[in-house]
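So the structure is just underneath, and the comments pick up after that.
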Amino acid sequence: MDRMPIPSRAALVDHLVRTRIAGDVATPRDNNLSHYRKLANGDRHYWLGLELGDRWTDEQDVLAVMAERCGVVDDPGFRFGQDTIDPELTVDALERAGAVLRKAAADGQRVLFATGHPGGLLDVHRSVAGALRRAGCEIVVIPSGLTADEGYVFQFADVAVLERGATLWHTHSPEPMAAILDGLEREGRPRPDLVFADHGWAGCAGRRGIETIGFADCNDPALFLGEAEGTLSVVVPLDDHVVDPRFYDPMTAYLLDAAGLEAA
């Protein structure tokens, strides 16, 4: 199979907008604001495994960070309608993530991959894992027999996922990542040098002091707050479940190229 061509920055920005990975995304404004409010009100479901304390109790402060790091509309009076993700910020974050991955490859780091969005992002994670393995990194193999949130935590194509009833599960919970990290500790194995994940999986790793690259949608502000505070290294803003997961392929190619890694 021919390798996917690497898009230019301008071509990738156009692709992100066209496929609604960024630009006018599917998430409506009122849903975004509702999640920002719930986070500010202390609903830990929206903290995605991070410990935010009382530092983000004003939803306007949350909105300001989301406007800066994700590109949502910064006007608090805009309550309904279509919200946005700035594709330039998405590409900026991909380039920062590429720099972290480049260092991981150079140092031969141990890297753990995990996703709560297997219907959308699984192949992104799988492709990056394969490229890092070829570059000499160790892809962390998770312990066997792990459970969390009434499901099983296992690895599929190098990527940790949650399974329930023979189905890969969409989850924002931090508990599966906590089960992995606790399991590694019980077995006396070193924890990862780097985690490449999304949502609660990424938040949990960052909270535990592990360098983390995360992906997050515009209605999930916690990881962006974590990035602002330095708990996570990079958070890539994007719609995390568009209508066709192949739409992420040019983004993955761009990320691997920014990292100096070879795609399969």
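Stretch A264-D30 to full length: gain in nm at 0.36 nm per residue minus the Cα-Cα span? Please list the in-between numbers first.
Working: separation 234, 0.36 × 234 = 84.24 nm, distance 4.07 nm.
That pair, A264 and D30, stretches by 80.2 nm at full extension.
Residues whose amide H comes within less than 5 Å of that of R110, counting only those at least five positions distant or on another chain, are E138, D193, L194 (H built at 1.01 Å from N in the peptide plane). The ellipsoid that matches the Cα gyration tensor of the chain has semi-axes, each √(5λ) in whole angstrom, of 27, 23, 16, with the longest given first. For the pair the stretch 130-193 / the stretch 1-24, the C-alpha centres are spaced 29 Å from each other. Here each label is just a point 7 Å from Cα along the line to Cβ, and for D14 and E229 those points are 4.1 nm apart. Taking the DSSP beta bridges with both ends in the chain, the antiparallel portion is around 45 percent.
Relative contact order for the chain: what percent, with Cα pairs under 8 Å and sequence separation of 6 or more? Please report the intermediate quantities before stating the final value.
Numbers: 546 pairs, mean separation 73.0, N = 264.
Relative CO of the chain lands at 28 percent.
A full extension of the chain between A106 and D74 corresponds to an added length of 7.6 nm, given 0.36 nm per residue minus the alpha carbon distance. What FRET efficiency, computed as 1/(1 + (r/R0)^6) with R0 = 22 Å and r the Cβ-Cβ distance, is obtained for T167 and R189, rounded to the nearest 0.05? Efficiency, rounded to the nearest 0.05: 0.20. Once the Cβ-Cβ distance of A157 and E95 is raised to the sixth power relative to R0 = 25 Å, the FRET efficiency obtained is 0.45.
Considering only protein heavy atoms, what per residue accessible area in square angstrom results for the stretch 127-264 with a 1.4 angstrom probe?
On the way: 5200 Å² over 138 residues.
Here the per-residue accessible area is 38 Å².
Paramagnetic label reach from V243 (point 7 Å along Cα→Cβ; backbone nitrogen cut-off under 17 Å): within the stretch 25-58, residues 25-28.
The values are calculated or read from the model by the stated rules, or taken from the named source; none is laboratory data. The shown structure was predicted, so the numbers you read here are calculated from the model rather than taken from an experiment. Neighbour counts run over all protein chains shown; Cβ positions are idealised from the backbone, glycine included. Heads up: the accessible areas ignore ligands, DNA and RNA and are worked out on the full protein's heavy atoms, side chains in. Shrake-Rupley method; radii C 1.70, N 1.55, O 1.52, S 1.80 Å.
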